[in-house]
Amino acid sequence: MKGKYSLRASVTSELVFQDCKIPKDRILPGVKGLRGPFSCLNNARFGISWGALGAAMACFHSAKTYTLSRIQFDHPIASYQLVQNKLAWMLREITKGQLLAYHLGKKKDAGTWIPEQISLAKMNNVDIALDIARMARDMHGANGILDEYPIMRHMANLESVKTYEGTHDIHNLIIGKHITGIQAFTRTI
């Protein structure tokens, strides 16, 4: 796909398979139905939960560095309460996201993770990363939109990450089914 504003380093394409015949010796052993694709999806979502935190950390570090060096009224803007409050909030959310992803990784290693936990981690960590990117852009003032800083690149990529490997709404439905025992997204009207 040409003309992308986000995930520009990624090769994005549409693949269409129609009337394909796959020889039996090419079929993956032990994979039945959707188990194989969902296994790949779950691993991708887990990776996204960590990758989003990396973007959040880059935005946090840029905001911290910028606010320490940006002088306003003879003081770095990092010396003001609102800026420190934002930096503290960013660090708190990144740390919570790291703990969530780390705990999920331990469950993955033990073979006890469940798809709903993966959805929760992916959705939460992408959401906080986007909020952090937006806040960091604001803290950079007019400079927040310049390519000299990584903010807008991360923000654009996170906007895409929010929708791939399951949109925010789909993850909420997955978690909602887990909570209620009722599957809302396959009902016919």
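Among the residues of the stretch 6-21, are any touching a helix residue (DSSP H, G or I) at 6+ places or on another chain (Cβ under 7 Å), within 23 Å of Lys122 (Cβ to Cβ), part of a loop (DSSP other than H, G, I, E, B) and not basic (Lys, Arg)? Even if it seems obvious, please write down each step before you answer.
Looking only at the stretch 6-21, we keep the residues that are touching a helix residue (DSSP H, G or I) at 6+ places or on another chain (Cβ under 7 Å), and these are 6-7.
Applying the additional criterion that residues be within 23 Å of Lys122 (Cβ to Cβ) yields 6-7.
Filter once more, keeping what is part of a loop (DSSP other than H, G, I, E, B): 6-7.
Those left that are additionally not basic (Lys, Arg): 6-7.
Looking through the stretch 6-21, at least one residue is touching a helix residue (DSSP H, G or I) at 6+ places or on another chain (Cβ under 7 Å), within 23 Å of Lys122 (Cβ to Cβ), part of a loop (DSSP other than H, G, I, E, B) and not basic (Lys, Arg).
Selection of the stretch 1-34 for residues being exposed (fewer than 10 other Cβ atoms within 10 Å of the Cβ), under 28 Å from the mean Cα position of the chain (by Cα) and not polar (S, T, N, Q) yields Met1, Lys2, Gly3, Ala9, Val11, Glu14, Leu15, Val16, Gly33, Leu34.
Put simply, of Asn143, Asn157 the only residue that is more than 26 Å from Ala44 (Cβ to Cβ) and of a type in the set (S, T, N, Q) is Asn143. Screening Asp131 with (1) surrounded by fewer than 21 Cβ atoms within 10 Å (Cβ to Cβ); (2) at pLDDT below 95; (3) within 14 Å of the chain's Cα centre (by Cα) gives one miss only, at (2).
Could you list all residues from the stretch 1-25 that are of a type in the set (Lys, Arg) and either at pLDDT below 80 or under 23 Å from Leu158 (Cα atoms) (or both)? Selection gives Lys2, Lys4, Arg8.
Does Thr67 satisfy being touching a Pro at 6+ places or on another chain (Cβ under 7 Å), among the polar types (S, T, N, Q) and modelled with pLDDT of 95 or more? Yes, satisfied. Total residues in the stretch 142-154 satisfying the condition of being touching a residue at least 60 places away in the same chain (Cβ under 8 Å) and either within 10 Å of the chain's Cα centre (by Cα) or assigned to a helix (DSSP H, G or I) (or both): the figure is 3.
The values are calculated or read from the model by the stated rules, or taken from the named source; none is laboratory data. Small disclaimer: the values here were computed from a predicted structure and weren't measured. Cβ sites come from the backbone with ideal geometry, for glycine too, and all protein chains shown count toward neighbours.
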